[in-house]
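Taken together, the values in this text are just the output of simple stated rules run on the coordinates, not laboratory data. Here the structure is a predicted model, which means the values were calculated and not measured. In this analysis, Cβ positions are derived from the backbone assuming ideal geometry, glycine residues included, and neighbour counts consider all displayed protein chains.
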């Protein structure tokens, strides 16, 4: 099982060229604004304030690199990307985010997998499905992480996830890796670490 001994912020970037040059395995986390991305990242690395959490959508506005297990045998990068969808920022700013996020996803050679965060409390949302389809058409490997699962009753959660699976199978031949998570209760952490482990090593 993958262990996380350290997690440190490296830098923020707005272009692929500005990203760290060290070619370590890289996993990017992205989702609709206010999906609970920062809380999930902090839960995964067990650092309360590594990624900045906020009740205001659109807090992350740059490509943020964190190095995990620096100086250890298998270091890797965790990348916090700006959320897509609603955010109280200027429309021009959101267009810039879209541009550099797309460039990052398509040009970053050491990007192993994009972790798409989905709010488990909602039925399939058009914006999530469109982003997932973009990744699929572009051949960009991804996994789906359902967040805030502790906010749902088990039967309702299972129904929403199953609905997502059936919707994805209308477009995809096979399903991507799917994880149910809760930042509050660390649900899904072991499964995520095992998934990352197989690529990092």
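Worth pointing out:
- Summary of the geometry: segment 138-152 and segment 1-48, compared by the centres of their Cα atoms, lie 15 Å apart.
- Per-residue ellipticity at 222 nm from helix content only, as computed over the chain with -39500 (n - 2.57) for each DSSP H run of at least four residues, stands at -10000 deg cm²/dmol.
- Computed over the chain: relative contact order in percent, which uses C-alpha pairs under 8 Å that are six or more apart: 25 percent
- Looking at the chain, the DSSP beta bridges with both ends there are about 40 percent antiparallel.
- Potential extension, residue 198-residue 99 segment - 0.36 nm per residue separation minus Cα distance: 32.6 nm
- Residue exposure proxy: 63, 200, ordered by other Cβ atoms within 10 angstrom of their Cβ from fewest to most, comes out as 200, 63.
- Residue 174/residue 153 FRET efficiency (R0 35 Å; Cβ-Cβ; nearest 0.05): 0.75
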